[in-house]
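Written out below as structure tokens is the structure these notes cover.
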Number of protein chains: 2
Amino acid sequence: MPLVVQKFGGSSVADATSIKRVAKRIVETKEAGNDVVVVVSAMGDTTDELLDLAASVTAKPAERELDILLTAGERISMAILAMAISELGVPARSYTGQQAGVLTDAAHGKASIVGVVPERIARTIQDGGVAIVAGFQGVSETQDVTTLGRGGSDTTAVALAAALNADVCEIYTDVDGLFTADPRIVPSARQITSITSEETLEMAAHGAKILHLRAVEYARRYGVPIHVRSSFSSKRGTWIGHDDSQSEESSMEDPIIAGVAHDRSQGKITVIGVPDVPGAAARLFAVVAGAGANVDMIVQNVSSAATGLTDISFTLPEADGEATIAALRAAAGDLGYADLRYDDQIGKVSLVGAGMRSHPGVSAKLFNALFDAGINIEMISTSEIRISVVTRADVLDDAVRAVHTAFDLDSSESEAVVYGGTGR
Amino acid sequence: MPLVVQKFGGSSVADATSIKRVAKRIVETKEAGNDVVVVVSAMGDTTDELLDLAASVTAKPAERELDILLTAGERISMAILAMAISELGVPARSYTGQQAGVLTDAAHGKASIVGVVPERIARTIQDGGVAIVAGFQGVSETQDVTTLGRGGSDTTAVALAAALNADVCEIYTDVDGLFTADPRIVPSARQITSITSEETLEMAAHGAKILHLRAVEYARRYGVPIHVRSSFSSKRGTWIGHDDSQSEESSMEDPIIAGVAHDRSQGKITVIGVPDVPGAAARLFAVVAGAGANVDMIVQNVSSAATGLTDISFTLPEADGEATIAALRAAAGDLGYADLRYDDQIGKVSLVGAGMRSHPGVSAKLFNALFDAGINIEMISTSEIRISVVTRADVLDDAVRAVHTAFDLDSSESEAVVYGGTGR
């Protein structure tokens, strides 16, 4: 019997009505002839409410205690969901991360899964029941409760799917799947039917609000096919990392481009008048790393022969901007630069596609499209399957649309209406 | 260093402000030179809210799932309390029943503790920290989460105190301790300084809303002294089962009477015209037991020589009345009685005192006091250290006051004002 792992997020189980709807869907999957394991997040705003409660007694809660506190959220949703499924006549049992055998390291608040021993889950399935597992949580070697941090529930679902050798890990969401661009910016964006894990990782890493990187990486490592789909419909969503070659729905040739991602959460720091001597950049980025900043793109200008000085620009999450500027100022004596500039009015557009590898000329086409749209390129970075460019923030939407059109990603008008109308 | 186990109920930790107050008290106990282990209930109405949530998806939740659900309540309160204590500069760690080593049988919703292995608690104390333990919960042999049912948190506290060989188990409440009678009925009731476990059990079993029977029984079995006291003051409350002979506060001679309990939650069933043949009563009470009723007092009239028939009356919790009447009706053919009557307008007053054993005449004094007050006695039952009588419900308060006065339990007028003024 095929085994399906289904993951439902907090908005899918926000109240009793939603939970009953999800229960119905799970029972339908089971009655269609599948074994079903469900991973569930905390209901709606539960996690925020618990964080508020903690904030009302202390500004700096101990991480171990915060983890114990937050895991109460999934404990509630999983039990209620199990009850709702049983009410529909299908036996269901809920399991905490610990009971499900989700073993982690001891990094409270951002624990990594070190192993999954889902004996009780396997037994529940064998007995014909549905197993409900609390997402986002595990247990450390010392039997302390841990949480997995952002993207934790998706990661729990993928990890369980891998350990149980599931046929698919279904991630339920409030949209129909992944799109070639954000439909709020590009109303003609198309739903992606199938995409590789690598492309998904590049899209996610460069601003597409889809699955968390961590879950996709885990799925790629263990070969777990992911199906991202809507909890409001039963139509096909987006398959990630699934070998479609034997599927009826596979196309003769994979498209060159998977989609266009954009990111407006980055800032740019320019360090002016850095001495162009060996080791200068290394010292500079050691300071940046020390400030905890996650640097994305780096550009170093050709240095002036007259002065022996150069400028170095790099992008980083806006959230890291202040601390990084402070660290660079503190190290001004050591680094010997002339001036610092911070610019938070930038945007980044990224074109992602595994087909780029074998198709030269993609960059040229991208640059031309932006030139035709009158958009200036400030920085460029590339990977094997991605090209990213930095623009002014106020022309980012235009840039995304121009690139989307240039690479023939726009859907026909009728589809555009459908996607534009969902208001996502 | 003395070890104190402190238990705080849901009303003591109803919100962040209460939790901070409790945290301060715990820190004071610690700083006074004690090791401290704390048992905590769920915050305020949390348990009821969780039950409502379950009721919104199913009328009959599986007991295992209900237990998982309800234990989320203590998980929240214990983590928040640990945070609040740490905020005051004392290291604190919270532990679930499972982590604290509270092992139970698998009777979900009403599990019994089968063992306590508080290794982590002992280690936390050794390390100079305060251990916070979730009350009301444990773990079964199959690693499933269980709840202990009513009185569960008190029982957790006593069981941990026994396993850790604590010097005292302090039960915090919103009153100053146990009283010689309910101060709402007897404004001149006195606070009891010291009472035996046996007397406490009789008082609790016969209507006094004090500690749960189960916790007192556990404490008696393992010789754990209990101190019931107010979470709003630091004055001495009531010590239960504590050997006061070496204490300055011990009196030269223990009082004969500990207190007067009352109960208006009982009903009375009278079975009229039962054949007075061997085995008739046995058959009758087999039916009653089959209905799940917890019978308290039984009176059988002298049978009529003319008819060979007798009447049998017994008391039972009102909640069991309906089911018991139905069971008796269904068995009418077998039992061969003439009629059934149900009376829920009864009250019971009980006089409790270990000193009764060696003081004859207590019964006579009790009956006289009721006679003087014009109160009719309908049923009587006694134990070695208790006399209970059933009266009409509408004279129960008068009965309690008459008995309280007759046995010199009234405090001086000035004390009466104090106790009467607390509005308990």
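Relative to the longest principal axis of the Cα atoms of chain B, the long axis of helix B:321-330 makes an angle of roughly 50 degrees.
What net charge is computed for the residues neighbouring A:M203, neighbours being all others with C-beta under 12 Å from the C-beta of A:M203, Lys and Arg scored +1, Asp and Glu -1? Local charge sum for A:M203: -3. Rounded to the nearest 0.05, what FRET efficiency do A:S303 and A:L340 give with R0 = 30 Å and r taken as the Cβ-Cβ distance? Could you check? It comes to 0.95. Farthest toward the positive end of the dipole of the protein assembly as shown, out of B:V274, A:H404, A:I226, is the Cα of A:I226, where the dipole comes from beta carbon charges about the Cα centre. For the pair A:E141 and B:E141, a Förster radius of 22 Å applied to the C-beta separation gives a FRET efficiency near 0.50, rounded to the nearest 0.05.
Shape class of segment B:3-248 from the Cα gyration tensor (axes a ≥ b ≥ c, square roots of the eigenvalues): rounded, since a/c falls below 1.5.
Judged by the mean number of other Cβ atoms found within 10 Å, the most tightly packed of the peptides B:171-180, A:304-313, B:120-129, A:28-37 leads the ranking B:171-180, A:28-37, B:120-129, A:304-313. The mean number of Cβ atoms from other chains found within 10 Å of a Cβ in peptide A:48-60 is 5, as a whole number. With only the Cα atoms considered, the protein assembly as shown has a convex hull volume of 218 Å³ per residue.
If you take the Cα centroid of segment B:150-165 and the Cα centroid of segment A:114-186, the two points sit 37 Å apart. Stretched out straight at 0.36 nm per residue, the stretch from A:A373 to A:K235 would grow longer than its current Cα-Cα span by 46.1 nm. A dipole drawn for segment A:332-421 from +1 and -1 charges on Cβ atoms has a positive end, and of A:G333, A:S358, A:Q345 the residue lying farthest that way is A:S358.
Counting only heavy atoms of the protein chains and using a 1.4 Å probe, B:M379 has close to 10 Å² of accessible surface. Considering only A:A219, A:A282, A:A319, the mean-square fluctuation computed in a Gaussian network model of chain A, springs between alpha carbons under 10 angstrom, is largest for A:A282. Every helix of 4 or more DSSP H residues in the protein assembly as shown counts as -39500 (n - 2.57), and over all residues that averages to -10500 deg cm²/dmol at 222 nm. Between chain B and chain A, the total buried accessible area stands at approximately 3200 Å², from heavy atoms with a 1.4 Å probe. Modelled label positions at B:D394 and A:R283, each set 7 Å beyond Cα in the direction of Cβ, lie 9.9 nm from each other. Considering only A:A111, A:M83, A:L201, the residue lying farthest towards the positive end of the dipole of segment A:3-248 is A:M83, judged by Cα position with unit charges set on Cβ. Size estimate for segment A:249-424 follows the Kirkwood approach: the inverse of mean 1/r over distinct Cα pairs works out to 18.2 Å.
Distance from the A-onto-B rotation axis is smallest for the Cβ of the chain A residue given, in whole Å, as A:A72, 2.
Here the label points at B:V90 and B:T17, each 7 Å from Cα along the C-beta direction, are separated by 2.3 nm in the simple model.
Taking 29 Å as the limit for the C-alpha separation, the pairs A:K268/A:K365; A:K60/B:K110; A:K235/A:K348; A:K110/A:K268; A:K209/A:K235 exceed it in the case of A:K60/B:K110; A:K235/A:K348.
Shielding by partners for peptide A:89-99, expressed as the average number of C-beta atoms from other protein chains within 10 Å of each residue's C-beta, is 3. Helix A:396-406 versus the longest principal axis of chain A: what angle, 0 to 90°, nearest 10, using Cα atoms? Taking the Cα atoms of chain A, the angle to A:396-406 is about 80 degrees. For chain B, the antiparallel share of DSSP beta bridges with both residues in that region comes to about 60%.
Distances between copies of B:G115, taken at a point 7 Å out from Cα along the Cα→Cβ vector and listed shortest first: 2.4 nm.
The values are calculated or read from the model by the stated rules, or taken from the named source; none is laboratory data. Keep in mind that what you see is a predicted model, and the values were worked out from it rather than measured. As a convention, Cβ positions derive from the backbone with ideal geometry for all residues, glycine included, and neighbour counts pool all protein chains shown. Ligands, DNA and RNA are stripped out before the accessible areas are found, and what is left, the full protein with its side chains, is counted by its heavy atoms. Shrake-Rupley method; radii C 1.70, N 1.55, O 1.52, S 1.80 Å.
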